[in-house]
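The values are calculated or read from the model by the stated rules, or taken from the named source; none is laboratory data. What you see is a predicted model; the values in this text were computed from it and never measured. Virtual Cβ from ideal backbone geometry, glycine too; neighbours counted across all protein chains shown.
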Amino acid sequence: MRKPVDLRNHLSAALPDLQREPERLVMVVTRGSVRSTATPALSWEYAYTLRLLFLDWVLHADSIMAPLLAWVKHHQNELLANPTKNGIRFEAEHLNTSAMDLVIDLDLTERVLCRPREGVEGGLDLHHLDDTPPLYLPKQEHWKVFLQGVQVAQWDLPANPPHLPHLMPQRHG
């Protein structure tokens with residue numbers, strides 16, 4: 001599964017507190033399942049809930065939600081495109097007047113294509129498929145988040161995220 005690692009990298013790059021103390025973000029995959037059909041191909045889809053635990057978080061939850069939603073927009077867009085889908089949930093435990101443990105659950109999917117490998121009897125090639133293209137064409141974005149006048153996060157999103165290479169024109173020659 002690639003999305004948990006990609007999301008951790010994104011949040012760590014966006015949030016200075018996670019850069020300094022990466023152990024404050026714990027990630028756990030729960031309620032995982034593999035969906036497949038009874039066809040000759042062994043292709044499948046992972047479906048799971050990614051639980052993010054932000055421990056002893058002293059900034060407002062907005063500092064996490066803004067970069068998280070930007071990542072979701074590019075990697076699991078249907079969670080935002082369908083307002084009736086409850087694919088992003090959270091809980092918070094206030095530890096004292098200034099800190100909390102914030103738990104966020106994301107319902108994610110990842111598709112894996114399984115095809116016979118040419119020239120190798122019994123060989124299989126596995127390819128992680130790109131996410132369903134979002135309802136917009138990605139453009140390069142630079143974001144900065146301020147809470148009460150203080151910058152708490154910043155990140156860049158490329159114009160051509162690695163999971164959507166087919167949307168960009170190819171140059172030949």
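What to note about this one:
- Pair list, Cβ < 6 Å and 6+ apart or interchain, from region 77-95 residues that are of a type in the set (Phe, Trp, Tyr) to residues that are surrounded by 12 or more Cβ atoms within 10 Å (Cβ to Cβ): 90/104
- Only listed residue being farther than 30 Å from residue 150 by Cα, of a type outside the set (Gly, Ala, Ser) and within 18 Å of the chain's Cα centre (by Cα), chosen from 77, 86: 86
- Condition check for residue 90 on (1) out of contact with any Lys or Arg (no Cβ under 9 Å at 6 or more places or on another chain); (2) assigned to a helix (DSSP H, G or I); (3) surrounded by 15 or more Cβ atoms within 10 Å (Cβ to Cβ): one failure, at (2).
- If you go through region 3-40 and pick out every residue that is surrounded by 14 or more Cβ atoms within 10 Å (Cβ to Cβ), in a loop (DSSP other than H, G, I, E, B) and touching an Asp or Glu at 6+ places or on another chain (Cβ under 8 Å), you end up with 0.
- Candidates 68, 59, 52 - the one that is at pLDDT 85 or above, in a helix (DSSP H, G or I) and not polar (S, T, N, Q): 68
- Each residue in region 31-60 was checked for being touching a residue at least 40 places away in the same chain (Cβ under 8 Å) and closer than 15 Å to residue 1 by Cβ, and 9 pass.
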